[in-house]
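A.B. asks: Quick one: this structure, given as structure tokens, is what I'll be asking you about.
The values are calculated or read from the model by the stated rules, or taken from the named source; none is laboratory data. What you see is a predicted model; the values in this text were computed from it and never measured. Note: ideal-geometry Cβ built from the backbone for every residue, glycine included; neighbour counts use all protein chains shown. Just so you know, the surface numbers come from the protein's heavy atoms only, side chains and all, with ligands and any DNA or RNA stripped out. Shrake-Rupley method; radii C 1.70, N 1.55, O 1.52, S 1.80 Å.
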Amino acid sequence: EYYGVYGGTYIPEVLKSSIDELKENFYRYAEDKKFNEEYKNLLKTFVGRPTPLYYAENLTKKIGGAKIFFKLEGLANTGAHKINNSLGQALLAKKIGKKRIIAETGAGQHGVATAAVCAKLNLECEIFMGEVDIKRQRPNVFIMEQFGAKIHSVTNGTKTLKDAVNEALRYWTKRSFDTHYLIGSALGPAPYPQMVKFFQSIIGKEVKEQLRSENINKPDYMIACVGGGSNAIGFFSEYINDESVKLIGVEAGGKGIESNEHASKISGNGTVGIVQGYKSKFLQNNDGQILSTHSISAGLDYAGIGPELVYLNEIKRINFVNEKDDEVIKTFNFVTKNEGIVPALESTHAISYALKLASNLNKNKNIIVNISGIGNKDIFITAKLLDKTNWINFLKREVEENG
Amino acid sequence: EYYGVYGGTYIPEVLKSSIDELKENFYRYAEDKKFNEEYKNLLKTFVGRPTPLYYAENLTKKIGGAKIFFKLEGLANTGAHKINNSLGQALLAKKIGKKRIIAETGAGQHGVATAAVCAKLNLECEIFMGEVDIKRQRPNVFIMEQFGAKIHSVTNGTKTLKDAVNEALRYWTKRSFDTHYLIGSALGPAPYPQMVKFFQSIIGKEVKEQLRSENINKPDYMIACVGGGSNAIGFFSEYINDESVKLIGVEAGGKGIESNEHASKISGNGTVGIVQGYKSKFLQNNDGQILSTHSISAGLDYAGIGPELVYLNEIKRINFVNEKDDEVIKTFNFVTKNEGIVPALESTHAISYALKLASNLNKNKNIIVNISGIGNKDIFITAKLLDKTNWINFLKREVEENG
Amino acid sequence: MDKKFLMTHLVCGYPNLKKTKDIIEAMNDGGAKYIEVQIPFSDPIADGPLIEDASKDAINNQITVKKCLDFISSLDEKLRKKIIIVTYANIIFKYGIENFVSKLSKLKLYGILIPDLLPEYDEGLSNFCNKYKIHNILIISKNTNLNRIKYLNKKGNGFFYVTARNGITGEKTIFNLETLNWLKKIKDIIIKPIALGFGINSKDQILKIKEFTDIVVVGSHFIKIINENKNCKKIYEVIRKETEKLVNFL
Amino acid sequence: MDKKFLMTHLVCGYPNLKKTKDIIEAMNDGGAKYIEVQIPFSDPIADGPLIEDASKDAINNQITVKKCLDFISSLDEKLRKKIIIVTYANIIFKYGIENFVSKLSKLKLYGILIPDLLPEYDEGLSNFCNKYKIHNILIISKNTNLNRIKYLNKKGNGFFYVTARNGITGEKTIFNLETLNWLKKIKDIIIKPIALGFGINSKDQILKIKEFTDIVVVGSHFIKIINENKNCKKIYEVIRKETEKLVNFL
């Protein structure tokens, strides 16, 4: 349950029995052949796996260094890697006999993935989302509602992701007997970090197999963006024990570390704490109060990070860097124009660093970047930044013609 | 070049040599092993094929008749089947030595797919789009521009799709020596219907293979929506010669055939004509003037239809029906809630009919529905209809905070 | 050098049938040898915005194929003999191609020009034209290679419409040496007269090209003048004077 | 039947430190046996909206851990001995758990209650509490099974806080027969006194439960009263009277 000193199970007594039940069931089903077959079959037919491993030939040539590959998680159903975990946990919850799934969501991707899976598996679904996020992320809220999910507007605290987590935990303390709390990142009390990694490790497994069919022995570098870190830990999973593969996590540099408007826990100024059930690094003040964070990408905009990543950084297995909002937007432009792929802003952080790295490496090296999601979801951010007049005029027209 | 009396090459003299060149090259490359390998590799790594064949178990159980399967084309890169054809034609154009791709687009899906492919293949890309459509479909315009495409606003005629086709044809008459016109549906002058079918037939081929691994000998029914008909003809392709497989095309019933606000050429009141380069059925008046059409789904909102489909209907190989806007919206609700999949409004026409059909069939029958695209693109239509107040308030907020 | 002729162009029903009558008579009186009367079609892929917009206006003003033909039948026979009907495949297909050609024949019109019907896919048009003695005007474009020109030469039964550049109607054409040499080659192959068109509107152009052609086509230029004068009561005078002016350059 | 005691609750620094002083003295003077002083934390997962909002207010008003501890050290020793510090793991972890416990010891406080530190994962809290003679209040919830209650019984060194239902602070609890039977079972196992809390605010409730517990906890109810009287100059009187009233039900 611990990675070095990180991880653990820091929960109220009222949740102890549910967490114990979950632990026991997770470790049992993780070994269960039938469960794994059912999971894999749904990954194939419902999620659309395997997602491609794609050679970004144009970027490689323009940069003129290492070969750059993308793992295109954004082609999964609901547009991101999140569904790997949502599907796995929901299936597990169904096996245990739970009737209802609750989940927190910030930007909405985890909520959308979870709502989709619940529709598929005939589970009730309630999503906790900060009031501020609900207002900002209406397209995702709409999709969740279409999937039949009930949205709880969280009006406590800062009314964003961390408060949605708190509220989901509180709700869980009341209903854990028939309800599974489906955490969306590799964090929270054990067994969540282990469980989320388990379900996201499909990404790394596919990479390994796909590299084999490209006749590449192994990656030289693997790069993933890190908010909570579920895409990163799943993507890295197969290679953590192979030290010849360099692993790099890219955090949200926001407006720069010195500005304190960022979400970089490891490469920035996070410190060790125990929050929301787990011990890890958090952006917090000297008293231990959690700070508000900033990132252009809603999916990275969170004060905590998965405990295993912190540990793997501490033992120097994963290196962490960060990329700033403005660099990310530049990279977004560059990638869409040259590859015909729209990366999520989250994933664009990883690409942004990969491009810098590639230019300093020999052509016989290869870099694999996890494109954790597709960027169409970000249009209300990117269009506003890159095409403001047309976009605002379009929205005005929509309002005028239908208001 | 003809299917019965339909098809042909009805073009101005100025295009004759380009069409001849294209015909010759298409038939040559269609047989070329290296070309096909390159195409298939890109389908795998860039498009994300194969797309899943998915058993819609919940719908099947609720309906209580035939088994319903979905072919999930919406999980392809850029969210629809359109890219199969865009990729194939662009690759062909590149082989022929063209430097530039032009394409028409209505709702924008074909434009987005074509722009993506051009970014990938380093081809210049110019997209013709009606002024009215540009205003309505800003999200797709934004994505195309991100891919580096130049958008031509078409201000002639009704300023919508058919005028974009006209304008693209006109532009092509000037620049055909270095420019390929990438038509997005299985229509236009030969060899376009043949070529688009060829590139879209990957859908049918995959279905055949996927059924085999499900131990299903063949489909009993195949259902696809039909605007121009490229998803339908590609999806049906493997089974056209097997008359035991019933093929059904579902057209846009709009507000009902009797209202004359629809886009149903075969099941509605289309008549034979020669327009935009091909002989087929069109919605037109007694003089042969093309009528404006209506559908809730922009992708079906076109007055023409592929000539092969008309022929296959005439010889009673494909049956055509239509579904109305309001039925489609009901089905959209039903499918999202029960399957965790968001079908494009186009494809929802096909599902809508499939549900009716399934209920009258025995449980040992199976129906495969082509889900030609994912419905997230329709949010500006669906959210307005299904969640108007929240949606308009959201847009207002976006305008106010950024205007 | 032989006498050269002018062919003019108008869209039937634009701005309305009454003015169409003024215009066609003005062209006739001004000395045009041939007059292209375009029956409007909703999707004219070979035309530029001027002709498309005029067509759209006419259709919106309830012009129909029948009204066009009735209008033409109301004209003097002498004038009718100058008329070449220009329209798109779908219009005559919907009408019935044989019916349409026979109708033109009854009206004693000169010919027909359908830009989207190539001889290989013409739905019997050339046969019907032969049968009913209507000239079927074929187009030769700058993309048409010599072999194909020879082929077309055999197919056409009227003069040939040579488009002096790629693209559509209504855009300016520059006649450089290469184009003029190309025109010479065509004249060597084509036995029938040729009409040279696309973007001709100035004295300079006409003087440059008249030795290479039998007929000079001025199309969109007239649409533009009609457009500018559509509310003018003296449209007859304007068009007649312009026609006379152009004829005088020949 | 033994004498029963009241434990009250307040958030340190809410609405401000001056009023906190009035409130804590009022509770003391009103007859509370124990007073929970909650050091605010930004993300209190075991608390309902009342305590969370009070915590947020206090933090926004620049309350810090140091200010809380300084405030407590300014109180009379007799009062301090009644105090149980309630806060979350991160606050004491950041401070240093041993330092924190030793500080409480120096201040002669009664105990500490950290809802998100279970004995199995308590970062040494119980050891430090034993070392520095501070009572470590453990929680028993309705989900805690009998085996675990036996385990906790061995781990705690102060009284046990029994939450009378699932969920979080501040919601009303209904004491039915099943709950009362459950409480009896707990009393059979737990040697140390128990404090029963979560949603207690009425005479009825208190009369119903007092035979099953040693200490009755009234928490969110006080936060609500403080909230309603936060601008009232007579907050001391209000709180003291409420405390006296509740004590009299016991």
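A.B. asks: Using a 7 Å offset from the Cα along the Cα-to-Cβ direction at both C:E228 and C:N181, what is the distance between the two label points in nm, to one decimal?
C.D. replies: Modelled inter-label distance: 3.6 nm.
A.B. asks: Now for a different question. Cross-link partners among aspartates and glutamates for B:K396, C-alpha distance below 20 Å, same-chain residues fewer than 8 apart left out?
C.D. replies: Qualifying aspartates and glutamates at Cα under 20 Å: A:E131, A:D133, A:D378, A:D387, A:E398, A:E400, A:E401, B:D378, B:D387.
A.B. asks: Still on this structure, please answer the following. If amide H atoms are built 1.01 Å from N in the plane of the peptide, which residues on other chains or at least 5 residues away come under 5 Å of the amide H of C:G219?
C.D. replies: When sequence neighbours closer than 5 places are left aside, the close amide H contacts are C:F198, C:G199, C:I200.
A.B. asks: Rounded to the nearest 100 Å², what's the accessible area chains B and C bury against each other, both chains counted, probe 1.4 Å? Please report the intermediate quantities before stating the final value.
C.D. replies: Values: alone 16830 and 11730 Å², together 25390 Å².
It comes to approximately 3200 Å² buried between B and C.
A.B. asks: Another question, if that's okay. Note down, for the protein assembly as shown, the three equivalent ellipsoid semi-axes (square root of 5 times each alpha carbon gyration tensor eigenvalue), biggest first, whole angstrom. Intermediate values should be presented prior to the final figure.
C.D. replies: Values: eigenvalues 1138, 172, 157 Å².
Working from the Cα gyration tensor, I get semi-axes of 75, 29, 28 Å.
A.B. asks: A further question on this structure: I'd like the FRET efficiency for D:D76 and B:D326, computed as 1/(1 + (r/R0)^6) with the beta carbon distance as r and R0 of 51 Å, rounded to 0.05. Intermediate results must be reported in sequence, preceding the final value.
C.D. replies: Details: r = 75 Å, r/R0 = 1.47.
For R0 = 51 Å, the calculated efficiency reads 0.10.
A.B. asks: Could you tell me how far the Cα centroid of the range D:57-113 sits from the Cα centroid of the range A:186-233, in Å?
C.D. replies: About 43 Å separates the Cα centre of the range A:186-233 from the one of the range D:57-113.
A.B. asks: Among the lysines, which fall within straight-line cross-link reach of D:K67, defined as a Cα-Cα distance under 22 Å, with same-chain neighbours fewer than 8 residues apart omitted?
C.D. replies: Those lysines meeting the cut-off are D:K18, D:K19, D:K21, D:K56, D:K78, D:K81, D:K82, D:K94, D:K103, D:K106, D:K108, D:K230.
A.B. asks: Further, regarding this structure: Can you flag which of A:K82/B:K99; A:K205/B:K246; C:K3/C:K241 are past 32 Å Cα-Cα? If you can, show how the numbers build up before the last one.
C.D. replies: Details: A:K82/B:K99 39 Å; A:K205/B:K246 40 Å; C:K3/C:K241 20 Å.
Too far apart for the 32 Å limit: A:K82/B:K99; A:K205/B:K246.
A.B. asks: Could you pull out which residues in the range A:270-297 have an amide N less than 15 Å from a spot 7 Å beyond the Cα of A:E261, following the Cα-Cβ vector?
C.D. replies: Output list for this probe position: A:292-297.
A.B. asks: Once both labels are modelled 7 Å past Cα along the beta-carbon direction, what's the C:K108-B:E314 spacing in nm?
C.D. replies: 4.0 nm
A.B. asks: Enumerate by residue number the trypsin sites (Lys or Arg not before Pro) in the range A:346-394 meeting two conditions: DSSP loop (anything except H, G, I, E, B), and at most 14 other Cβ atoms within 10 Å of the site's Cβ.
C.D. replies: Working: sites: A:K356, A:K363, A:K365, A:K377, A:K384, A:K388; in loops: A:K363, A:K365.
The qualifying sites are A:K363.
A.B. asks: Going by Cβ distance under 4.7 Å, what cysteines of chain B have no possible disulfide partner?
C.D. replies: By the Cβ distance rule, which asks for a partner under 4.7 Å, the isolated cysteines are B:C225.
A.B. asks: Taking the Cβ of D:L125 as the center, what net charge do the other residues with Cβ under 13 Å away carry, scoring Lys and Arg +1 and Asp and Glu -1? Kindly include the intermediate steps, with their values, before the conclusion.
C.D. replies: Working: positive: D:K131, D:K155; negative: D:E98, D:D116, D:E120, D:D122, D:E123.
The answer is -3.
A.B. asks: Right, something else. Within straight cross-link reach of B:K255, meaning Cα distance under 23 Å, which lysines are found once same-chain residues fewer than 8 apart are removed?
C.D. replies: B:K159, B:K162, B:K265, B:K281, B:K324, B:K330, B:K356, B:K377, B:K384, B:K388
A.B. asks: Return the FRET efficiency for the residue pair B:N215, B:E243: r is the Cβ-Cβ distance, R0 is 25 Å, and the value is rounded to the nearest 0.05. Provide the component values of the computation, followed by the final result.
C.D. replies: Details: r = 22 Å, r/R0 = 0.90.
Efficiency computed from Cβ-Cβ geometry: 0.65.
A.B. asks: Whose amide H sits under 5 Å from the amide H of D:I140, counting only residues 5 or more places off or on another chain, with H placed in the peptide plane?
C.D. replies: D:Y161, D:V162, D:T163
A.B. asks: Describe numerically, in nm with one decimal, the distance between label points set 7 Å from Cα along Cα→Cβ at C:E98 and at B:R28.
C.D. replies: Output for this residue pair reads 4.2 nm.
A.B. asks: GNM on chain B, C-alpha springs below 10 Å: top fluctuator among B:Q210, B:Q109, B:Q289?
C.D. replies: B:Q289
A.B. asks: Then there is this: Based on the alpha carbons, how large is the Rg to Rh ratio for the range A:156-227 when Rh follows Kirkwood? List each step's numbers first, then the result.
C.D. replies: Working: Rg = 17.6 Å, Rh = 15.1 Å.
Rg divided by Rh gives 1.16.
A.B. asks: A further question on this structure: Connecting C-alpha atoms closer than 10 Å in a GNM of chain D, tell me which of D:A46, D:A89, D:A54 has the biggest fluctuation.
C.D. replies: Taking springs between Cα atoms under 10 Å, the residue moving most is D:A46.
A.B. asks: Run through every distinct alpha carbon pair of the range B:266-403 and return the Kirkwood hydrodynamic radius in angstroms, one decimal place. Before the final figure, lay out each step's value.
C.D. replies: On the way: mean 1/r = 0.0574 Å⁻¹.
With all distinct Cα pairs of the range B:266-403 included, I get 17.4 Å.
A.B. asks: Could you please state, rounded to a whole Å, how far the C-alpha centre of the range D:147-171 is from the C-alpha centre of the range B:1-15?
C.D. replies: Each part's Cα centre sits 83 Å from the other's.
A.B. asks: Sticking with this structure for a sec: Just to confirm a number: summing +1 for Lys and Arg and -1 for Asp and Glu over residues other than B:I19 whose beta-carbon lies under 13 angstrom from that of B:I19, what do you get?
C.D. replies: Working: positive: B:K16, B:K23, C:R148; negative: B:E1, B:E13, B:D20, B:E21, B:E24, C:D116, C:E120.
That works out to -4.
A.B. asks: Can you figure out the FRET efficiency of D:K208 with D:K155, using R₀ = 22 Å and their beta-carbon distance, to the nearest 0.05? Write out the running numbers ahead of the final one.
C.D. replies: Numbers: r = 29 Å, r/R0 = 1.32.
The computed FRET efficiency comes out at 0.15.
A.B. asks: Report, largest value first, the span of the C-alpha coordinates of chain A along each principal axis, in whole Å.
C.D. replies: 57, 57, 48
A.B. asks: Another question about this same structure. Within a Cβ distance under 12 Å of D:D76, other residues only, what is the Lys/Arg minus Asp/Glu net charge? Mind dumping the intermediate values first?
C.D. replies: Details: positive: D:K21, D:K78, D:R80, D:K81, D:K82, D:K108; negative: D:E25, D:D29, D:E77.
Combined, the nearby Lys, Arg, Asp and Glu give +3.
A.B. asks: Could you pull the Rg and Dmax for chain C, using just the Cα atoms, both in Å?
C.D. replies: According to the Cα coordinates of chain C, Rg and Dmax are 16.8, 50 Å.
A.B. asks: Please give me, ordered by residue number, the GluC sites (Glu not before Pro) of the range A:9-40 that lie in loop per DSSP and have at most 12 other Cβ atoms within 10 Å.
C.D. replies: Values: sites: A:E13, A:E21, A:E24, A:E31, A:E37, A:E38; in loops: A:E31.
Sites meeting the loop and neighbour criteria: A:E31.
A.B. asks: Please report the spacing between the Cα centers of the range B:315-377 and the range A:237-286 in Å, no decimals.
C.D. replies: Centre-to-centre distance over Cα atoms comes out at 46 Å.
A.B. asks: Please turn the phi angles of the range A:78-86 into ³J(HN,Hα) values with the Karplus equation 6.51 cos²θ - 1.76 cosθ + 1.60 (θ = phi - 60°), one per residue in order, whole Hz, x for glycine and proline.
C.D. replies: Whole-Hz 3J(HN,Hα) from phi for the range A:78-86: 6, x, 6, 5, 3, 5, 4, 6, 4.
A.B. asks: Among A:D326, A:D387, A:D242, which one shows the biggest mean-square fluctuation in a GNM of chain A, springs joining Cα atoms closer than 10 Å?
C.D. replies: A:D387
A.B. asks: Quick one: accessible surface of C:K56, probe radius 1.4 Å, all protein chains present, in square angstrom to the nearest 10.
C.D. replies: We get 80 Å² for C:K56.
A.B. asks: Zone of B:N360 (label point 7 Å along Cα→Cβ, backbone N under 17 Å): which residues in the range B:308-339?
C.D. replies: From the range B:308-339, the list is B:318-324.
A.B. asks: Under a 5 Å amide H to amide H cut-off, with H placed in plane at 1.01 Å, what residues pair with C:H135 once short-range neighbours are removed?
C.D. replies: Amide H to amide H, under 5 Å and 5 or more residues apart or across chains, C:H135 pairs with C:G111, C:I112.
A.B. asks: Going through the range C:193-250, which chymotrypsin sites (Phe, Trp or Tyr not before Pro) have at most 12 other Cβ atoms within 10 Å and a DSSP loop state?
C.D. replies: On the way: sites: C:F198, C:F212, C:F222, C:Y236, C:F249; in loops: C:F198.
Here no chymotrypsin sites (Phe, Trp or Tyr not before Pro) fit, given the DSSP loop and packing criteria.
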